[in-house]
Amino acid sequence: MKKILLLSLAFLSTFLWAETLYVMDNTNAYDKEGKEIIGTIARGTPGEKIGETNGKIIIKVKGYLKDGDKKTLYGTKNLQLPFIQLKTGEIDSDSIEISLPKNELNPDQSQAWADAEFLYYDTCSMCHAAHAPKEHNMMEWDGLFTTMRAFAMPTDKEADIIIQYLKAHATDGYATDDE
């Protein structure tokens, strides 16, 4: 009876203390053993910590698959924002286990987006008040940002960071740190 109780307690504690971590920047994703780079993972991607290996944290990332594409796991049902893009291997289900260096993960989602948020408001409020990301969906942000980019003139890298931030925080995005 004690064994059953202890096993039940250990099983429940896994769910009660499951830690969600967020990717701090677009970075390399490693295999579950932490040895080989298998692809890239996007800033803000949430993952449940499931262990550690070789100085890296193993996370399980859940998302959406596109028919015929076993290399990309998306963060939204509309398949607009990729969480993970593999260079080697395939994704067979709606989740994948990968490892990342500890310094690439943070339990605070808002910290993962802090520099992108600053860049957006700094760049996009030079001429007018910047809109809150939740005011538009991803498709609307595509059109608005394409038009406004010519006025704000961010670099290509800055533009990529800003549109990723806007889409992740859009009404149909996956980020929740602004709620």
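For region 135-155, which residues satisfy the criterion of being of a type in the set (S, T, N, Q) and either under 17 Å from residue 115 (Cβ atoms) or in a helix (DSSP H, G or I) (or both)? Walk me through it before giving the result.
Let us first name the residues in region 135-155 that are of a type in the set (S, T, N, Q), namely 137, 146-147, 155.
If the condition is that a residue be of a type in the set (S, T, N, Q) and either under 17 Å from residue 115 (Cβ atoms) or in a helix (DSSP H, G or I) (or both), then 146, 147, 155 are the ones that fit.
Report whether or not residue 105 is in contact with a Leu (Cβ under 6 Å, 6 or more places away or on another chain), surrounded by 12 or more Cβ atoms within 10 Å (Cβ to Cβ) and under 14 Å from residue 25 (Cα atoms).
So residue 105 passes the test.
Tell me, which residue of region 75-92 that is over 19 Å from residue 28 (Cβ atoms) and in contact with a strand residue (DSSP E or B) (Cβ under 8 Å, 6 or more places away or on another chain) is most open to solvent (accessible area, probe 1.4 Å)? Give the derivation first.
Let us first name the residues in region 75-92 that are over 19 Å from residue 28 (Cβ atoms), namely 76-80, 92.
The next check asks that each one be in contact with a strand residue (DSSP E or B) (Cβ under 8 Å, 6 or more places away or on another chain); those that pass are 76-77, 79-80, 92.
On the way: 76: 8, 77: 160, 79: 55, 80: 73, 92: 120 Å².
Restricting to residues being over 19 Å from residue 28 (Cβ atoms) and in contact with a strand residue (DSSP E or B) (Cβ under 8 Å, 6 or more places away or on another chain), the top hit is 77.
Suppose the filter is open to solvent by 60 Å² or more (accessible area, probe 1.4 Å) and either under 22 Å from residue 115 (Cβ atoms) or within 16 Å of the chain's Cα centre (by Cα) (or both); does residue 49 pass it?
On the way: open to solvent by 60 Å² or more (accessible area, probe 1.4 Å): yes; either under 22 Å from residue 115 (Cβ atoms) or within 16 Å of the chain's Cα centre (by Cα) (or both): yes.
Yes, satisfied.
Kindly indicate the residue of region 156-172 that is closer than 16 Å to residue 117 by Cα and free of Cβ contacts under 8 Å to residues at least 12 places away in the same chain and also surrounded by the fewest Cβ atoms within 10 Å (Cβ to Cβ) among those meeting that condition.
For region 156-172, the residue satisfying everything is 157.
Which of the residues that make up region 62-74 are closer than 22 Å to residue 111 by Cβ and either out of contact with any Ser or Thr (no Cβ under 8 Å at 6 or more places or on another chain) or open to solvent by 80 Å² or more (accessible area, probe 1.4 Å) (or both)?
Just the residues of region 62-74 that are closer than 22 Å to residue 111 by Cβ, to begin with: 62-63.
Residue satisfying the conditions is 62 alone.
Residue by residue through region 44-61, note down the ones that are in a loop (DSSP other than H, G, I, E, B), of a type in the set (S, T, N, Q) and over 21 Å from residue 109 (Cα atoms). It would help to see each step written out before you state the result.
Initially, region 44-61 is screened for residues in a loop (DSSP other than H, G, I, E, B), giving 44-45, 54-55.
Subsequent filtering for residues that are of a type in the set (S, T, N, Q) retains 45, 54.
Passing the criteria: only 54.
Yes or no: residue 64 more than 15 Å from residue 23 (Cα to Cα) and within 13 Å of the chain's Cα centre (by Cα)?
Working: more than 15 Å from residue 23 (Cα to Cα): yes; within 13 Å of the chain's Cα centre (by Cα): yes.
Judged against the criteria, residue 64 is a match.
The values are calculated or read from the model by the stated rules, or taken from the named source; none is laboratory data. If you're wondering where the values come from, they're calculated on a predicted model, not measured in any experiment. Positions of Cβ are backbone-derived with ideal geometry, glycine not excepted, and every protein chain shown enters the neighbour counts. All accessible areas refer to the heavy atoms of the entire protein, side chains included, with ligands and DNA or RNA removed. Shrake-Rupley method; radii C 1.70, N 1.55, O 1.52, S 1.80 Å.
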